[in-house]
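One structure below.
The values are calculated or read from the model by the stated rules, or taken from the named source; none is laboratory data. This one's a predicted model, so the numbers in the text were calculated from it and none came from an experiment. Here the Cβ positions follow ideal geometry from the backbone for every residue, glycine too, while neighbour counts run over all protein chains shown. For the accessible areas, the whole protein counts, side chains as well, though only heavy atoms, and no ligand, DNA or RNA atoms are used. Shrake-Rupley method; radii C 1.70, N 1.55, O 1.52, S 1.80 Å.
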Amino acid sequence: MSQFNNDIEPNVIDDKMVQKAIEEQYPEDLNLAKREAINFTDVTELQLSFRNILQIASLWQFENLTKLQLDNNIIEKIEGLESLVHLAWLDLSFNNIEVIEGLDALVKLQDLSLSHNRISKIEHMDTLQELQIFSIGKNNLTTLEDVIYLRRFKNLRTLNLAGNPLCEDQRYTLFVVAHLPDLVYLDFRLVNDTTVSIAAFPAGAVGQQQRISESLAGLAFVEYLNGSFLFDSLYAEDPEAAKLAYLPGVDDLLQTYPSWFVLVCENLFHYGLAEHEKREAEVSSFSECLGAALMANQQENRKIILDFECRHKRRLDEIHNASSYDIAESKRAEAKEDILQLSEALMTLEMLIADQLEELIKDFKRNIADIASTFTENVRGIYPLARDCRELEDRHHERLLEICITTLEKSAKNELEEDLPDDVRTLLVDKTTIVEALNTSHGIRLLKINKRESDILCSTYRW
């Protein structure tokens, strides 16, 4: 959070400060600004970062402002923004704000950043109906249910809550996505289709623990492989299979087949969860390294700028109180040199962070590619759902075909001891009919097995 700088007095925004900010922001108009006062109504963008601002004031003249930066100050209260009715972009990050307020007039606001403050509740934003991007990470939000307030913003697509205590709740990601289904980015990460579909599942349909388990399975691309879900789905739309269960010997066959099938599925399920943990650990590590690098760079930038501001203020006082023209000119020359050194120092930091981030991203891409590649190779090799389940299905089909033909032969000779239902007897018309029916069902089941493995691989590629 922002803190007072001991060497610089807290400031209130006034005409002198904004005049100076505009001159710095538009140096090409500096000569014009010296000759005549700048018309504040013509200004559309204003940057007032790193100025130790305690109170927002004197902005009523900027009626056409669309972008305002007030980050990295010591602002405690959001106020003085009533006239900025055209504002679309507002940055109040890195301040000491505790309550969201004073935004009612900003009806055109699309991008709002309140990260790195002391806010404990999301509130008082009802009029911001055009809001698309909202960043409120690194605050004191503790109640997950506060996120429900954001449902009123139908255009919200990007949300950052990272670094708040509520993020530690194990339901966090799914809860947010479930209540904000139109989100595209959450905490700087793309919201994937699997997360959305799982989050949309009715909350009351299953117990919390089961829901969490299903959520993890979905994120690991192995949903519905923990148990007999896949096996049951093979026969869910196969009426002939239900009829054939009445044939003598089929019941014993169905006792062993499902158990082996489910074992194959569960082996892949547990492997998928383990691989998901590896992917998540890699993503988390990257995010932490990225955040740490950016934070360290920003803090170094702030230190350099604040130190410069201290020196610059003292030097201006020295120029103002200089006893001779030569002394004043000497101090002005020192100020110009200091500005050049500031520019070089900031540019050096910019180049350093660019190189550092490039290396981080390169390592991350390589590591993720290796993890994903290993997963897909093992799905095909060590944990091959399609191959193993297909072999089980083939053996089951062959055995079932033998039973059907044997039953058919006995039926033709009137040697059947069992009294079969009429709909079962209709399948036992002749060998061609029964073989075609069994082959059709067998083919459909194989397609379902192959598709399930294909879905796992496609989900991994998309991720």
Expected 222 nm ellipticity per residue - DSSP helices of 4 or more, -39500 (n - 2.57), all of the chain, to 500
-18500 deg cm²/dmol
Distance between region 284-314 and region 125-156 - C-alpha centres, whole angstrom:
27 Å
With every protein chain left in place and a probe of 1.4 Å, what is the accessible surface of residue 430, to the nearest 10 Å²?
60 Å²
Determine, from the Cβ-Cβ distance of residue 299 and residue 270 and an R0 of 41 Å, the FRET efficiency 1/(1 + (r/R0)^6), rounded to the nearest 0.05.
0.45
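In debye, nearest 20, what is the charge dipole magnitude of region 66-115 about its Cα centre with +1 on Lys and Arg Cβ and -1 on Asp and Glu Cβ, if you could check? Walk me through the numbers on the way to the answer.
On the way: 3 positive and 9 negative charges, 41 e Å.
Once rounded to the nearest 20, the dipole reads 200 debye.
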When the charge dipole of the chain is computed with +1 on Lys and Arg Cβ and -1 on Asp and Glu Cβ about the Cα centre, the Cα farthest towards its positive end, among 99, 271, 389, belongs to 99
Taking 2.2 N^0.38 Å as the expected size of a compact globular protein, what ratio does the Cα radius of gyration of region 228-462 give against it, to two decimals?
2.10
Plugging the Cβ-Cβ distance of residue 44 and residue 85 into 1/(1 + (r/R0)^6) at R0 = 22 Å yields, to the nearest 0.05, a FRET efficiency of 0.95
Students often get this wrong, so check it: of 413/451; 154/303; 121/278; 108/365; 20/108, which have C-alpha atoms separated by over 31 Å?
413/451; 154/303; 121/278; 108/365
If you average the sequence gap of Cα pairs under 8 Å that are 6 or more apart and divide by the length of region 11-202, what percent do you get for the contact order?
12 percent
Sum of side-chain charges, residue 274 neighbourhood, beta-carbon under 14 Å (Lys, Arg +1; Asp, Glu -1)
-3
Cα-based radius of gyration of region 11-202 once divided by 2.2 N^0.38 Å, which approximates compact folds:
1.13
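Using 0.36 nm per residue, how much length does the chain from residue 411 to residue 368 gain when fully extended, once their Cα-Cα distance is taken away?
Values: separation 43, 0.36 × 43 = 15.48 nm, distance 6.02 nm.
Going from the current span to full extension adds 9.5 nm.
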Tell me, what is the 1.4 Å probe accessible area of residue 58, in Å² to the nearest 10?
40 Å²
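For region 119-174, what Kirkwood radius comes out of the mean inverse Cα-Cα distance, in Å? Let's see the in-between values first.
On the way: mean 1/r = 0.0856 Å⁻¹.
Final number for the Kirkwood radius of region 119-174 is 11.7 Å.
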For residue 190 and residue 15 in the same chain, what is the full-extension length gain: residue separation times 0.36 nm, less their Cα-Cα distance, in nm?
58.8 nm
Quick one: dipole size for the chain, taken about the Cα centre, charges +1 on Lys/Arg Cβ and -1 on Asp/Glu Cβ, in debye to the nearest 20.
300 debye
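Just flag the GluC sites (Glu not before Pro) in region 341-417 sitting in loop per DSSP whose Cβ has no more than 14 other Cβ atoms within 10 Å.
Values: sites: 344, 350, 358, 359, 377, 391, 393, 398, 402, 409, 415, 417; in loops: 415, 417.
Of the GluC sites (Glu not before Pro), the ones in loops of region 341-417 whose Cβ has at most 14 other Cβ atoms within 10 Å are 415, 417.
What is the sum of charges around residue 89, taking Lys and Arg as +1, Asp and Glu as -1, for the other residues whose C-beta is under 12 Å from the C-beta of residue 89?
Details: positive: 67, 108; negative: 45, 71, 91, 111, 130.
The answer is -3.
In whole percent, what relative contact order does the chain give with Cα contacts below 8 Å and a gap of six or more residues? Before the final figure, lay out each step's value.
Working: 645 pairs, mean separation 41.3, N = 463.
Relative CO of the chain lands at 9 percent.
Could you give the length gained by full extension between residue 310 and residue 378, i.e. 0.36 nm per residue of separation minus their alpha carbon distance, to one decimal place? Working shown, then result.
On the way: separation 68, 0.36 × 68 = 24.48 nm, distance 6.05 nm.
Gain on stretching residue 310 to residue 378: 18.4 nm.
From largest to smallest, what semi-axes in whole angstrom does the chain give when each is the square root of 5 times an eigenvalue of its alpha carbon gyration tensor? It would help to have the intermediate numbers written out before the result.
On the way: eigenvalues 978, 109, 55 Å².
Equivalent ellipsoid of the chain: 70, 23, 17 Å, largest first.
Going from most exposed to least, what order do 125, 295 have by accessible area with a 1.4 Å probe?
Values: 125 0, 295 55 Å².
Largest to smallest exposure gives the sequence 295, 125.
Going by accessible area, probe 1.4 Å, with all protein chains left in place, what is the ranking of 260, 89, 60, largest first? All intermediate terms of the calculation are to be shown ahead of the outcome.
Working: 260 150, 89 75, 60 170 Å².
Descending accessible area places them as 60, 260, 89.
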With 10 Å bins from 0: P(r) over region 293-344, alpha-carbon pairs, percent:
24, 43, 21, 9, 2
Net charge over other residues, Cβ less than 13 angstrom from the Cβ of residue 132 (K, R count +1; D, E count -1)
0
Probe of 1.4 angstrom, ligands and nucleic acids ignored: what's the accessible area per residue over the chain, in square angstrom?
54 Å²
Measure out, as a whole number of angstrom, how far apart the alpha-carbon centroids of region 332-385 and region 40-115 sit.
31 Å
Point-to-point label distance, residue 280-residue 104, nm (Cα→Cβ direction, 7 Å offset):
4.4 nm
Using the Kyte-Doolittle scale, find the helices of the chain whose mean hydropathy is at least -1.0 and whose Cα atoms extend 24 Å or more along the helix's long axis, counting only whole DSSP H runs.
250-320, 325-380, 385-412, 431-462
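Please report, in debye to the nearest 20, how large the charge dipole of region 228-462 is about its Cα centre when each Lys and Arg carries +1 at its beta carbon and each Asp and Glu carries -1 there.
Details: 29 positive and 47 negative charges, 147 e Å.
In debye, rounded to 20, region 228-462 gives about 700.
As an exercise, use a Förster radius of 22 Å and the Cβ-Cβ distance of residue 260 and residue 440 to find the FRET efficiency, rounded to the nearest 0.05. Don't skip to the end; give the middle numbers.
Numbers: r = 23 Å, r/R0 = 1.06.
With a Förster radius of 22 Å, E is 0.40.
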Within 10 Å, at most 13 other Cβ atoms, and a DSSP state outside H, G, I, E, B define an exposed site. Report the longest part of the chain free of exposed trypsin sites (Lys or Arg not before Pro).
155-412
